[in-house]
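The values are calculated or read from the model by the stated rules, or taken from the named source; none is laboratory data. Bear in mind that the values here come from a model prediction, so they are computed numbers and not experimental data. Counting neighbours? That spans all protein chains shown, and the Cβs are built from the backbone with ideal geometry, glycine included.
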Amino acid sequence: MTQLLTYDDDKAMALADGAATVNRIVRSTPLERLREKRFGEWTAVQVIGHLADTADVFAERVRRAIEEDTPRLEAIAVGSGADPDADPRALARRILAAHQRITVLLQDRAARERPAVHSEWGRVTAGHIAAYQADHTAEHVAELAPAFPPGG
């Protein structure tokens, strides 16, 4: 079983900050630079696409934990990365929308304790799922932001 993370106001702000930073990056950086800059195997566009994909998945997981009776959640399959030709602005909008859904769903503190069973983590809560997404986003944004500073 995984050590459960806590969703609180700091995690809600981390979700908002991550989405805002990605939106700032894609609006202030030329498309070619986003497609050329690499982070390991992935370009910046692919990292942003990965964040959009996981944001969608985790928002849906939070919804299911709240609305269903202890849903079973499968681990995300490890893939080859997001589409390098995707529109970064559309990806940033997806991140923002998914993170907003999560924060709205978890405004009720009781919703944060709704259970789910993850195929690798075991029994978790909706709050844990959201906190994990906040941390995951923060990790990727911490690598993206220095490469694309404001005014840079």
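What the table shows:
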read-out: Pair list, Cβ < 9 Å and 6+ apart or interchain, from the stretch 66-95 residues that are under 19 Å from P30 (Cβ atoms) to residues that are at pLDDT below 85 and assigned to a loop (DSSP other than H, G, I, E, B); value: L91/A82
read-out: Index of the failed condition, R112 passing every other in (1) part of a helix (DSSP H, G or I); (2) farther than 15 Å from H140 by Cα; (3) out of contact with any Gly (no Cβ under 6 Å at 6 or more places or on another chain); value: (3)
read-out: Check on V45, in contact (Cβ under 8 Å) with a residue 24 or more places away in the chain, surrounded by 19 or more Cβ atoms within 10 Å (Cβ to Cβ) and farther than 15 Å from D135 by Cα; value: yes
read-out: Tally of residues being loosely packed, with under 13 Cβ neighbours inside 10 Å and within 19 Å of T70 (Cβ to Cβ) across the stretch 122-146; value: 1
read-out: Breaking point among (1) modelled with pLDDT of 95 or more; (2) in contact with a Gly (Cβ under 9 Å, 6 or more places away or on another chain), for R123; value: (2)
read-out: Any hit, the stretch 59-81, residues being at pLDDT 95 or above, surrounded by 15 or more Cβ atoms within 10 Å (Cβ to Cβ), farther than 13 Å from A98 by Cβ and acidic (D, E); value: no
read-out: V47 being modelled with pLDDT of 95 or more, more than 27 Å from G151 (Cα to Cα) and not charged (D, E, K, R); value: no
